[in-house]
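Chemist: Sharing a structure here in structure tokens format.
The values are calculated or read from the model by the stated rules, or taken from the named source; none is laboratory data. All values derive from a computational prediction rather than experimental measurement. With ideal geometry, Cβ positions are generated from the backbone for all residues, glycine too; neighbour counts draw on all protein chains shown. For the accessible areas, the whole protein counts, side chains as well, though only heavy atoms, and no ligand, DNA or RNA atoms are used. Shrake-Rupley method; radii C 1.70, N 1.55, O 1.52, S 1.80 Å.
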Amino acid sequence: MKRRSKKRMGLALGIIGLIICIIVIYFNIPYSPLRGDFKEYLAKSEENTSANIKTNKYTFEGLPQSMQKFYNYTGLKNRINSKHVNFDFKNANFVNVEMKKTLKIDYSEHIFAYIPARFAFIDSSVMGIPFQGLDSFIDGNGGMKGVIAKNITLFNQRGKDMDKSTLVTWLAEIIFMPAEMLSADIEIKELDKDSVSVSINYKNLTVSGTYKFKDNGQLVEFVTDDRAMIYNDGRCEYKRWSALFENYQNKDGLLLPDTLKSKWHMENGDLTYFDGKNLKYNFY
């Protein structure tokens, strides 16, 4: 009887060990369903943008002085033919507002001109278990999906508020694509020598915000009231939101921000919930 018990225990331990090995191998396979969605959206956006290249209606000289300084200072004036940019972060700090927990995440973001589209793939782990996220805007539809262990959906936020929020995030960063700023899809209005109001109407969505610049041409902030803080249970609150651009450095011949931050302006104080440094750029 003792021998049989030992054999059964050994068999059980062997099965448990095999299951653990399978789980570890699965977790370490690069592919995941969510990453597959990201690649599919990326391919569709590249196709849409290439099929909808527009003739410029503005000239650099017709832009507000602060924007002209920005394009001259950064060198982006020489990237007029770029229609797609990738921001790539490693080990960025991300604060989960509800969990009040800071995660280290890899964050790869793609922004497209002409047909508004933006995707960001988030790769991290929680207690050793893979966590992945997909922040997306395509065809007027926005979404934020979070998945743990590659297949268990934690949240999948959709709806009109998410559509607006993801579109205004695109608006915050599309200034790095001068082709879009010159296409006349975006309404541009100078507020003062350091501030420019921008807005866009797309797929029955209207969002706006303000770019703020230094005298030397550096873009330092985009601020808007059109971005919603959407909780995991679906609750939604519109808060003032800022994208911050800091620490300009030489990036392959361009002077561009090395640090990007995202901040909520809360009643009890500001919360910087995203802080990414050592930013890498790829222009297409």
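Chemist: Quick check of the Kirkwood formula: for the chain, what is the inverse mean of 1/r over all pairs of different Cα atoms, in Å?
Modeler: Hydrodynamic radius (Kirkwood, Cα only) of the chain equals 20.5 Å.
Chemist: Follow-up question, since we're still on this one. Kindly provide the GluC sites (Glu not before Pro) of region 96-200 that DSSP labels as loop, not H, G, I, E or B, and whose Cβ sees at most 14 other Cβ atoms within 10 Å.
Modeler: Working: sites: Glu98, Glu109, Glu173, Glu180, Glu187, Glu190; in loops: Glu98.
Counting only loop positions with at most 14 other Cβ atoms within 10 Å, the GluC sites (Glu not before Pro) in region 96-200 are Glu98.
Chemist: In Å, what Kirkwood hydrodynamic radius results for region 41-182 from the alpha-carbon pair distances?
Modeler: On the way: mean 1/r = 0.0600 Å⁻¹.
Value: 16.7 Å, from the Cα pair sum.
Chemist: Now a separate question. For region 79-135, what are the per-bin percents of Cα-Cα distances with bins 5 Å wide, up to the bin holding the maximum?
Modeler: Going from the shortest bin to the longest, the percentages are 5, 16, 23, 21, 13, 10, 7, 4, 1.
Chemist: Could you state, as a whole-number percent, how many of the C-alpha pairs of region 230-270 are farther apart than 12 Å? Please list the in-between numbers first.
Modeler: Working: 575 of 820 pairs.
Of all Cα-Cα distances in region 230-270, 70 percent exceed 12 Å.
Chemist: Taking the Cα centre as origin and putting +1 on Lys and Arg beta-carbons and -1 on Asp and Glu beta-carbons, what dipole magnitude results for the chain, to the nearest 20 debye?
Modeler: That gives the chain a dipole magnitude of about 1880 debye.
Chemist: Same structure, new question: Restricting attention to region 43-142, which trypsin sites (Lys or Arg not before Pro) occupy a DSSP loop and are surrounded by at most 10 other Cβ atoms within 10 Å?
Modeler: Lys57, Lys100
Chemist: Heavy atoms only, probe 1.4 angstrom, no DNA, RNA or ligands counted: give me Asp215, Asp194, Asp135 ranked by accessible area, highest first. Mind showing how you got there, number by number?
Modeler: Working: Asp215 95, Asp194 40, Asp135 10 Å².
Largest to smallest exposure gives the sequence Asp215, Asp194, Asp135.
Chemist: Using helices alone, what [θ] at 222 nm do you get for the chain, with -39,500 (n - 2.57) per DSSP H run of 4 or more residues, divided over all residues and rounded to the nearest 500?
Modeler: Per the formula, -8500 deg cm²/dmol.
Chemist: Determine the principal axes of the Cα atoms in region 182-281, then give the extent along each, sorted from largest to smallest and rounded to whole angstroms.
Modeler: Principal axes ranked by extent give 45, 32, 25 Å for the Cα atoms.
Chemist: In whole Å, what three semi-axes, largest first, describe the equivalent ellipsoid of region 143-237 built from its Cα gyration tensor (square root of 5 times each eigenvalue)?
Modeler: After diagonalising the Cα gyration tensor, the semi-axes are 30, 14, 13 Å.
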